[in-house]
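Take a look at the structure below.
Every read-out reported here was derived from the displayed coordinates using simple, explicitly stated rules and does not represent laboratory data. Because the structure is predicted, anything quoted here is derived from the model rather than measured. Neighbour counts run over all protein chains shown; Cβ positions are idealised from the backbone, glycine included.
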Amino acid sequence: EAQVTQNPRYLITVTGKKLTVTCSQNMNHEYMSWYRQDPGLGLRQIYYSMNVEVTDKGDVPEGYKVSRKEKRNFPLILESPSPNQTSLYFCASSLTGVAFSNQPQHFGDGTRLSIL
Amino acid sequence: LAKTTQPISMDSYEGQEVNITCSHNNIATNDYITWYQQFPSQGPRFIIQGYKTKVTNEVASLFIPADRKSSTLSLPRVSLSDTAVYYCLVGARAGGYNKLIFGAGTRLAVHP
């Protein structure tokens, strides 16, 4: 089954404790992206990756890191989490970047992070 | 960068047609317009995508005027299960790569 898998789905942790949210897709998609969603703010893009070893900042990259060493995986790293990073996070992938193709993005089921 | 503007919320009743309009005045030549639907605690789900004129699928229709500065998502005969947030998405170019911008979304409430 074609899907985007995020882990963990829920996490409560404390300020400053490094954490990684994994994202994996099985559709051989080139484009992957991370979003955060906060009440009243909709979805905001954190980072995106056009292909292996190619990543770029989205609208709210501060406090986050990503890597794209393999095509299928795109982990989101919070080196020193802070309470303002408490949010609902979504990973997404598409065959290519949406703007130049008619390939929609497929989203994971989300990861709810609480930073105390 | 092409940003989008949508109504914050809309109300409708079962069986009615719902039209949600999105403004994207700075849309680029190669940009596609995409609409997504999101239920609470779930990831957005693709509904429809178009470039110009009209696109229709089994779920919705998308109307795009010639100047492409706006688009209208049309949901025929909505039901309670169509209650969700609807996002208009326009691909934006930044530094040679595609940077995607979600609007704030339109919260549609369908009433019995």
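Placing unit charges on C-beta atoms (Lys and Arg positive, Asp and Glu negative, everything else neutral), compute the dipole magnitude of segment A:14-91 about its Cα centre in debye, rounded to 20.
200
Using the 10 angstrom Cβ neighbour count as an exposure proxy, how do B:ASP82, B:ASP11 rank, fewest first?
B:ASP11, B:ASP82
Mind computing the radius of gyration and Dmax over the alpha-carbon atoms of chain A? Å is fine for both.
Calculated on Cα positions, Rg and Dmax stand at 13.4, 41 Å.
Please quote Rg/Rh for the protein assembly as shown to two decimal places, taking the Kirkwood radius as Rh and restricting both calculations to Cα atoms.
That ratio is 0.97, to two decimals.
Taking +1 at the Cβ of each Lys and Arg and -1 at the Cβ of each Asp and Glu, which of B:GLY15, B:ASN25, B:TYR86 sits farthest along the dipole of chain B towards its positive end, judged by Cα position relative to the Cα centre?
With unit charges placed on the Cβ atoms, the residue in question is B:ASN25.
Take the Cα pairs of chain B, get the Kirkwood Rh, then feed it into Stokes-Einstein at 10 °C and 1.306 mPa s and tell me D in µm²/s.
112
Going toward the positive end of the dipole of segment A:1-67, with +1 on Lys and Arg Cβ and -1 on Asp and Glu Cβ, which of A:PRO8, A:ASN28, A:GLY42 do you reach last?
Value computed over the given set: A:PRO8.
Once the Cα gyration tensor of segment A:58-100 is found, what semi-axes does its equivalent ellipsoid get, as square roots of 5 times the eigenvalues, in whole Å, sorted largest first?
With the √(5λ) rule applied to segment A:58-100, the semi-axes are 22, 13, 9 Å.
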